[in-house]
Amino acid sequence: MPFICPVCGENLIEGKQSFVCRRSHLFDKAKKGYVNLLLGHDGSQHGDSKPMALARYEVMQSGLYAPLKEALLAAMRAHLQAPCVIADCGCGECYYTCAVSDTFAQAEVLATDISKEALAVAKRRSPRFLRAVASSFNLPIASGSCDAALNIFSPFAKEEYRRILKPGGLLFMVIPLEKHLLELKQAVYESAYENTPKSSALEGFSLPEESVCDYRKTLSGAELSTLFAMTPYAIKTAPQDVQKLESIDCLEVQFSFKIFVYQKQR
Ligand SMILES: [Zn+2]
């Protein structure tokens, strides 16, 4: 199994209720099905809070991001052979991870996120893969063990992704494009900015494919509020500005992404 002990780096072996390495470092499985491999955790909140994770779960269940999910799966099917090992780092509440696990039934899928709240919410999707609380900047995953890694709107730790991938391994990265959710931001802020374009160059990787996934959805005020609650803007926006969304009858919103397929150089 590609998960490694965060204390000594030895392989972890999965038992019924815990994971253990050969030096007897023991990590209990939580009732919600994940294992906490984050060292020095003091019980404080990391990453998405429970309200954010629940908002994201609700939005994903409503199908707003289904076109992106399908585009991502299409890119993965075109490039990836089963059986394989796939790591989703910064997996959140595992919307994409579950779809990947269903599509690549032969694959071993690993999911990590710094937020145990998000991994707890993931249980609602009945995941059939291992989930670990961990930082993307210090992944408890063996070097050179993964055929593919996913980075979907999550913090990108280039060195760690490169380390866990096999030579020739694939990195599927999704980023928001300039006009993604622009109307939503315009409805909340006096001046709304477009997202900054990102360079596609990534040292140590080639880029066999990149594609754009664009679509528009008409949303009610309640749907807009829930969508806003799962964005990074939610925590830094005044409540009176967020309330503007509730009074909107309906609004057409742009969804716009780029999917990069990177390949680690051999
Ligand atoms: Zn150990």
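The values are calculated or read from the model by the stated rules, or taken from the named source; none is laboratory data. As the structure is a computational prediction, the values presented were derived from the model and not from experiment. Quick reminder, even Gly has a Cβ in these numbers, built from the backbone with ideal geometry, and neighbours come from all protein chains shown.
Condition first: out of contact with any strand residue (DSSP E or B) (no Cβ under 9 Å at 6 or more places or on another chain), more than 19 Å from Ser135 (Cβ to Cβ) and within 16 Å of the ligand (Cβ to nearest atom). Can you find one or more residues in the range 48-66 that meet it? So far as the range 48-66 goes, no, none of its residues is out of contact with any strand residue (DSSP E or B) (no Cβ under 9 Å at 6 or more places or on another chain), more than 19 Å from Ser135 (Cβ to Cβ) and within 16 Å of the ligand (Cβ to nearest atom). More than 21 Å from the chain's Cα centre (by Cα) and more than 16 Å from the ligand (Cβ to nearest atom): is that true of Lys31 in this structure? Yes, satisfied. Out of Glu117, Glu159, one residue alone is charged (D, E, K, R) and under 14 Å from the mean Cα position of the chain (by Cα). It is Glu117. Within the range 11-28, if we keep just the residues that are more than 9 Å from the ligand (Cβ to nearest atom) and not in a strand (DSSP E or B), the residue that is surrounded by the fewest Cβ atoms within 10 Å (Cβ to Cβ) turns out to be Lys16. Contact map, the range 17-29: residues that are in contact (Cβ under 8 Å) with a residue 40 or more places away in the chain paired with residues that are more than 8 Å from the ligand (Cβ to nearest atom), Cβ distance under 9 Å, separation 6+ or inter-chain. No pairs are found. Taking the condition within 16 Å of the ligand (Cβ to nearest atom) and in contact (Cβ under 8 Å) with a residue 40 or more places away in the chain, does Leu72 pass? So Leu72 does not fit the description; no.
Within the bounds of the range 127-150, is there any residue that is farther than 17 Å from Pro2 by Cβ and β-branched (Val, Ile, Thr)? Within the range 127-150, not a single residue is farther than 17 Å from Pro2 by Cβ and β-branched (Val, Ile, Thr). Based on this model, can you work out whether Phe205 counts as surrounded by 17 or more Cβ atoms within 10 Å (Cβ to Cβ), aromatic (Phe, Trp, Tyr) and over 24 Å from Ala99 (Cα atoms)? Here the answer is yes, as Phe205 does meet what is asked. Taken over the range 80-118, the residue count meeting the criterion of being over 21 Å from Leu12 (Cα atoms) and acidic (Asp, Glu) is 3.
Conditions tested, residue by residue: (1) farther than 22 Å from Ser154 by Cα; (2) assigned to a strand (DSSP E or B).
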| position | (1), (2) |
| --- | --- |
| Ser191 | yes, no |
| Ser200 | no, no |
| Ser206 | no, yes |
| Arg216 | yes, yes |
| Thr226 | no, no |
| Pro232 | no, no |
| Lys258 | no, yes |
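Checked against the criteria, Cys8 does not count as surrounded by 19 or more Cβ atoms within 10 Å (Cβ to Cβ), within 14 Å of the ligand (Cβ to nearest atom) and farther than 24 Å from Ser126 by Cα. When the criteria are applied in full, Ala234 meets the requirement of being surrounded by 12 or more Cβ atoms within 10 Å (Cβ to Cβ) and within 21 Å of the chain's Cα centre (by Cα). Pairs meeting the criteria (first residue in the range 3-15 and more than 17 Å from Ala87 (Cα to Cα), second residue part of a loop (DSSP other than H, G, I, E, B) and within 8 Å of the ligand (Cβ to nearest atom), beta carbons under 7 Å, at least 6 apart or on different chains) are Val7/His25; Cys8/Cys21; Cys8/Arg23; Cys8/His25; Glu10/Cys21; Glu10/Arg22; Glu10/Arg23.
The residue that is surrounded by the fewest Cβ atoms within 10 Å (Cβ to Cβ), counting only those in the range 149-202 that are modelled with pLDDT under 95, of a type in the set (Ser, Thr, Tyr) and closer than 23 Å to Ala75 by Cα, is Ser199.
Quick one: in the range 2-28, of everything that is at pLDDT 95 or above and of a type in the set (S, T, N, Q), which residue is farthest from the chain's Cα centre (by Cα)? Taking the candidates together, the pick is Ser24. If you go through the range 71-85 and pick out every residue that is out of contact with any strand residue (DSSP E or B) (no Cβ under 7 Å at 6 or more places or on another chain) and modelled with pLDDT of 95 or more, you end up with 4.
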